[in-house]
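The structure appears below as structure tokens.
The values are calculated or read from the model by the stated rules, or taken from the named source; none is laboratory data. If you're wondering where the values come from, they're calculated on a predicted model, not measured in any experiment. Glycine gets a Cβ as well: all are built from the backbone with ideal geometry, and neighbour counts include every protein chain shown. To get the accessible areas, we keep the full protein, side chains included, count just its heavy atoms, and leave off ligands, DNA and RNA. Shrake-Rupley method; radii C 1.70, N 1.55, O 1.52, S 1.80 Å.
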Amino acid sequence: MIAKVINKGIITLIFTFSALTTQAQDDWREIEWGEFIVRFGLTYVQPNDEGTPLKYRVLQQWDLYNSSWQIDTAHAWQISGVWRPSDRWGIELMHINGANYGTKLDNFTGNPGRNQIQLGDFSTTTTMVFGNWYFLDPSYRTRPYVGAGINYTNFHTVEISRQFNEYLLDSGLSVSPGSLNMGHSWDWGLQAGVDYNFDFRDWRYPVLLNLSTVYYLADTNATVDFPTELGRDRLYAHFDYNPWVINFGVGTKF
């Protein structure tokens, strides 16, 4: 008798759980999640290239006293995803990679007849999260927007130049080659852009063209480490990356 009651109870629980699960699945499908956008494209990066002269912790190195940083522009690639839970608001995750730079120091006095020396090379990757506001509703093909958010920038693949290593050795600062080191940065960013929608009749998903301009803050402490006869020493500088970025992308929404 007890076994029959237990079996009936188990069967009732199974049917009740199945009914609740089916209802939850139906409710999940009925939720309006908004629009999702995926883009991929090319990026042009113009760094701010402001940096302090390399110096010791306390004293200034004379050849580098008035030196200033000069950074090349770079081309990179970017990928982004946007979730628009409402017609006017969106959350965007953007990743920029492949930006490689050569770094020179202007106003360098260590080589007679030349006022510039190659310092080294580095690369950056940047990931940003924006909250976007769209000016027009989805009925328009053109959707301009502005956004604000935060960014994480990593300075990596950092290499000191052969020319700067020769200067360290020839000037007697170092007894063997040194290394250039940079770190990472968290800071804020702003963007303004526009999406243009192409709806092709025979295509399941529309095609988007995107053009955006991004400005964000990023800085790092740079060091040149080198061995000396008494151990090791280091030159310090602070580098403000702070780039302007132009993105051109192609994507779709669903």
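Remarks
- Computed in the context of the full set of protein chains, the accessible area of the chain at 1.4 Å probe radius has 61% of its extent on carbon or sulfur.
- Nearest-ten-degree value, helix 2-30 long axis tilted from longest Cα axis of the chain: 60
- Of 90, 183, 107, farthest towards positive along the dipole that unit charges on Lys, Arg, Asp, Glu beta carbons give segment 33-190: 90
- Label positions at residue 204 and residue 127, each projected 7 Å from the Cα along the C-beta direction, are separated by 2.9 nm.
- Relative frequency of Cα-Cα separations exceeding 21 Å in segment 111-251, percent: 60
- Simple label model, 7 Å out from Cα along Cβ direction - residue 77 to residue 163, nm: 3.1
- Label positions at residue 93 and residue 60, each projected 7 Å from the Cα along the C-beta direction, are separated by 4.7 nm.
- Kirkwood analysis of the chain, using all unique Cα-Cα pairs, places the hydrodynamic radius at 22.2 Å.
- Per residue of the chain, the DSSP helices (runs of n ≥ 4 H) give a summed -39500 (n - 2.57) that works out to -5000 deg cm²/dmol at 222 nm.
- Listed residue (136, 147, 226) projecting farthest to the positive dipole end of segment 110-245, Cβ model: 136
- Phi to ³J(HN,Hα) by Karplus 6.51 cos²θ - 1.76 cosθ + 1.60 over segment 119-129, Hz, x for Gly, Pro: 8, x, 10, 7, 10, 10, 10, 10, 10, 10, 10
- Here the 3J(HN,Hα) profile of segment 171-186, calculated from phi with Karplus coefficients 6.51, -1.76 and 1.60 at θ = phi - 60°, is 7, x, 5, 10, 9, 7, x, x, 9, 9, 10, 9, x, 9, 8, 10 Hz, Gly and Pro shown as x.
- Volume of the convex hull of segment 164-207 (Cα atoms only), normalised per residue: 230 Å³.
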